[in-house]
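Values quoted throughout were computed directly from the atomic coordinates according to the rules given, and no laboratory measurement underlies them. Every value quoted in this text rests on a predicted model; they were computed, and no experiment measured them. Positions of Cβ are backbone-derived with ideal geometry, glycine not excepted, and every protein chain shown enters the neighbour counts.
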Amino acid sequence: MFLIVSMFLSMFLYVSSTTAENEPYTQWDLPDGAKARLGKGRINDITCSSDGTLLAVASQIGIWIYDIQTSEELVLLTGHTGAVDRIAFSPDGRTLASGGQDNTVRLWDVETQTEIGTLDGHTGGPNSLFFSPDGRTLASRDDDNTLRLWDVETQRQIHTLQGYTGTVESVSFSPDGRTLASGGQDNTVRLWDVSKRTEIGKLEGHTEYVSSVSFSPDGKT
């Protein structure tokens, strides 16, 4: 499985640096028959489902879904009116979230390959998407210094988390989903109570912006 995923990643890294515009992109040293037909434009994001069976690719024209075992192209998901910048599978792999330059987050049913919801509210293109461990909450951010929380089932915005004086760079849910950590360009890490939707702590001390945050498996660190 690792070898197959590595093959896909190598292929798409190659594609992302290709400048051809009118022909299908191919990697000459791939096994016979392996081809990535990604249309025009660059690749913006790549992610795998948690069970390792599907690969999703965000591009200028939509979201391509591939079967990792067979290398088969399953579908091109279209609906955004601009390029798709970010994608994320839910933990159970049943839902795919996408953020586009049309300032929307869209939810897709992976099995039926259909759009099941459009989340409006961002003032810029959502450039990061994060599911809670239970898949019921989606966090998204853009460059307006805010985090937005969405109820995946009802497809409604739960709350907007504000307080940063610079762009939010990274977000992570605790393993139990009760706490959200975020790091930003104001050189702080902030902790949020997800259910109460309030800031419960600000960790200072960094001399540069915080580019990544994550919890330990037990959620204590």
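Data table
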quantity	calculated
Three-way shape call for segment 61-143 based on the alpha-carbon gyration tensor, with the a/c threshold at 1.5	oblate
Rg/Rg_ref, segment 166-221, where Rg_ref = 2.2 N^0.38 Å and atoms are Cα	1.06
Residues residue 158 and residue 191, FRET efficiency given R0 of 22 Å [Cβ-Cβ distance, rounded to 0.05]	0.80
Taking 66, 209 and counting other C-beta atoms within 10 Å, the order from fewest to most	209, 66
Charge tally in the Cβ shell below 9 Å around residue 158, where Lys, Arg are +1 and Asp, Glu are -1, residue 158 excluded	+2
